[in-house]
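Here, each number is a calculation from the coordinates, and none is a lab measurement. Because the structure is predicted, anything quoted here is derived from the model rather than measured. Using ideal geometry, Cβ is built from the backbone for each residue, glycine included, and neighbour counts are taken over all protein chains shown.
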Amino acid sequence: MSNYAARGRTPPHAIMGDDPPSIVLIKEEHQLFRELFDRVEAAEGDALIALAGEIGARLLIHMKIEEDILYPALKEAIGVEEVDEGIVEHQVAGALILDIAGMTGREELFKSKVHVLGEETMHHIDEEDSKLFEPRQGGMEAGQDRSRGPRPATARAPRGALRSPRFHGA
Ligand SMILES: [Fe+2]
Ligand SMILES: [Fe+2]
């Protein structure tokens, strides 16, 4: 049985002291997905159907927020191709979620589809944590405590999407 949640407690998946508040929220949700997919591994019948429903609804919202708010700004810092690959992975996951949502849960392939959604999602969020949301690759100084909100505008470097006010609740 997999233990995705354990992986989430180590860097770069763990919340770091200098993560902007928006990335903290995303990483908290990533950890929730790890815990939910750990439960999927052992779930059968109605429990699996309920878990699949909760995961699908949460993932659709999570992906929508990333695409509307985080991804556009990250293109500046990380690069268009890396972010576009994330968007395509969202599209693949979204199609699988809708496929699963259209099932009764009693079909032969239902369990396998939920498990594959888990494998794909774990790969995707691991990449987000280590590449897209890793501020030390995107131009944010390591060791800077951002937990109390935005820095003064004058302290922001001109480049690096993670420095944008939108990442600090402004
Ligand atoms: Fe994502
Ligand atoms: Fe994500």
*Fully extended contour minus Cα-Cα distance, from ASP18 to LEU60, at 0.36 nm per residue*: 12.4 nm
*Holding the Cα-Cα limit at 28 Å, pick out from LYS75/LYS113; LYS27/LYS75; LYS111/LYS131 the pairs that are longer than that.*
LYS75/LYS113; LYS111/LYS131
_Estimated FRET transfer efficiency when R0 is 41 angstrom, pair ASN3-ASP99 (beta carbons, to 0.05)_ = 0.95
*Quick one: what do you get for the range 1-40 if you divide its Cα Rg by 2.2 N^0.38 Å?*
1.17
*asked:* I want to check the label-to-label distance for GLU41 and LYS113. Put each point 7 Å from Cα in the C-beta direction and report it in nm to one decimal.
replied: 2.4
